[in-house]
Amino acid sequence: MKVGIMGGTFDPIHYGHLLAAERARESCGLDEIWFIPSFQPPLKENDPNADVNARLEMVYRAIDFQPHFRAMDIELERGGTSYSIDTVQALQELYPGRAFSYIIGSDRVNDLPQWHRIQELAEIVSFIGVERPGESIDVSLLPSYIVDRLTVVGMPLVDISSTEIRQRQADKRSIRFMVPEKVYSFIRRNSLYEKPE
């Protein structure tokens with residue numbers, strides 16, 4: 001079974017994440033995409049705004065219509081800094097016989113050489129770089145051990161970010177149609193990302 005891993009804070013998950021996952025699944029012949037919210041990503045300075053339970057619940061709500069998508073809480077259960085190598089090694093023990101690929105946005109592909117124990121990771125997974133219009137991936141900047149394990153897939157421009165969603169919610173502006181309806185309802189009902197009065 002070929003499994004794509006979508007990691008990130010998902011703070012909140014939005015349509016850009018879902019579209020990237022579906023394009024990677026379709027283009028690379030993946031059987032499933034596993035969404036794995038991170039407890040604390042190593043290359044982000046700020047802590048997530050929503051707590052772990054809220055972020056995981058939003059992922060569940062966003063993907064419940066899609067039979068090829070699954071939510072996994074492995075990094076949230078482990079706690080601490082979420083290193084991809086630790087996650088993949090744990091997944092290989094729990095789910096033998098799967099071939100894993102990390103799905104990452106074109107803006108993050110150039111960060112791959114900075115990932116913790118990246119050469120080890122590149123030996124056991126492949127990488128799928130999702131390239132948006134106007135954001136081409138320059139493989140000349142990457143070492144060959146990454147380039148040899150990298151597949152680039154294209155996707156349409158979807159100019160949505162979790163940062164923008166949080167800011168719009170804080171400013172009391174609409175986030176409808178930026179996130180799935182069940183995520184929108186969850187954010188509103190729980191007053192996530194709102195500024196304190």
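The values are calculated or read from the model by the stated rules, or taken from the named source; none is laboratory data. Note that the structure is predicted; figures quoted are calculated from it, not measured. Methodologically, a virtual Cβ is constructed for each residue, glycine included, from the backbone with ideal geometry; neighbour enumeration extends over all protein chains shown.
Numbers for the structure displayed
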{"quantity": "ARG78 of a type in the set (Lys, Arg) and in contact with a helix residue (DSSP H, G or I) (Cβ under 6 Å, 6 or more places away or on another chain)", "calculated": "no"}
{"quantity": "Candidate set from region 55-73 (those that are among the hydrophobic types (A, V, I, L, M, F, W, C) and crowded, with 17+ Cβ neighbours inside 10 Å); member that is farthest from TYR15 (Cα to Cα)", "calculated": "MET72"}
{"quantity": "Enumeration of residues in region 1-29 that are β-branched (Val, Ile, Thr), at pLDDT 95 or above and closer than 16 Å to TYR102 by Cβ", "calculated": "VAL3, ILE5"}
